[in-house]
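Colleague: If you scroll down you'll find the structure; I have some questions about it.
Please treat every number below as a calculation from the coordinates, not as lab data. All values derive from a computational prediction rather than experimental measurement. Quick reminder, even Gly has a Cβ in these numbers, built from the backbone with ideal geometry, and neighbours come from all protein chains shown.
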Amino acid sequence: MKKPIDVKLTKEGFEKLQKELEELKAKRPGVVTRLTAAREQGDLSENAGYHAAKDELGYVDSRINEIKLLLRFGDVVESKGAETVGIGNTVIVENGQGQNEFSLVGHFEADPTLGKLSEKSPIGAALIGKKVGEAVEIDVPDGKITFKIVEIR
C-alpha cells in the first residue's frame, strides 16, 4: 500500500507530536462540556460562547486527526552521523557575514525562526548530502547566497 503522505520526522519531532496528541485528547472533554453548556443556554444564533466552543472543538478534532495521520505514516529518520548533511543533523555554515546554525528536519517540523529548516526548503535541499568544507550556492528570494559547511553534528 502506498502511503498517502510522505512524512519524515526526527525522533524529537515524533515525540513532540505524541505529547501534543495526548494534551489535545485530555483537553477535548472540557471543550465538549463547554459546548454542551453553551448549547443549553438557548438561542444559538447569538450565543458567542457556543460559537467559540464549537470552533475550538473543530480545531481540536482536526488537529488530533492530523497528528494521528502524521504519526501513522511518519518515518522517524535518525541522523546518519556527521560525514554528510541529512535530516536530523545540525549544520554550522558560514558566509562572508558570519556563521549560522541550522537543524535539518522534515517539512512538518520546520520552523525557520528556531533554525529548523525543512529538507525541502531551498537552503535545506542545497545542504543535504554535502560534507564539511564544501561550499553551496543557494538561490534565495534575495538572490544567491554561498555557504561553506564548517561543522556537521
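Colleague: Given the Cα-Cα distance of GLN41 and ASP142 and 0.36 nm per residue of separation, how much length would full extension add, in nm? Working shown, then result.
Modeller: On the way: separation 101, 0.36 × 101 = 36.36 nm, distance 5.49 nm.
Result: 30.9 nm gained on full extension.
Colleague: Okay, moving on. Over 10 Å intervals from 0, what percent of Cα-Cα pairs in the chain sits in each interval?
Modeller: In order of increasing distance, the bins hold 10, 30, 22, 18, 12, 6, 1 percent.
Colleague: Say R0 is 25 Å: what FRET efficiency, to the nearest 0.05, do ASN100 and LYS19 get from their beta-carbon distance?
Modeller: 0.30
Colleague: So who's got an amide H within less than 5 Å of the one on VAL77, skipping anything under 5 residues away but keeping other chains? H placed 1.01 Å off N, in plane.
Modeller: Here LEU9, THR10, LYS11 satisfy the definition.
Colleague: Something else: Can you tally the net charge around VAL7? Count Lys and Arg as +1, Asp and Glu as -1, for every other residue whose Cβ sits under 14 Å from the Cβ of VAL7.
Modeller: For residues surrounding VAL7, the net value is +3.
Colleague: Something else about it: Counting other Cβ atoms within 10 Å, which trypsin sites (Lys or Arg not before Pro) in the stretch 94-132 have at most 11 and lie in a DSSP loop?
Modeller: For trypsin sites (Lys or Arg not before Pro) across the stretch 94-132 that sit outside H, G, I, E and B with at most 11 neighbouring Cβ atoms in 10 Å, the list reads LYS131.
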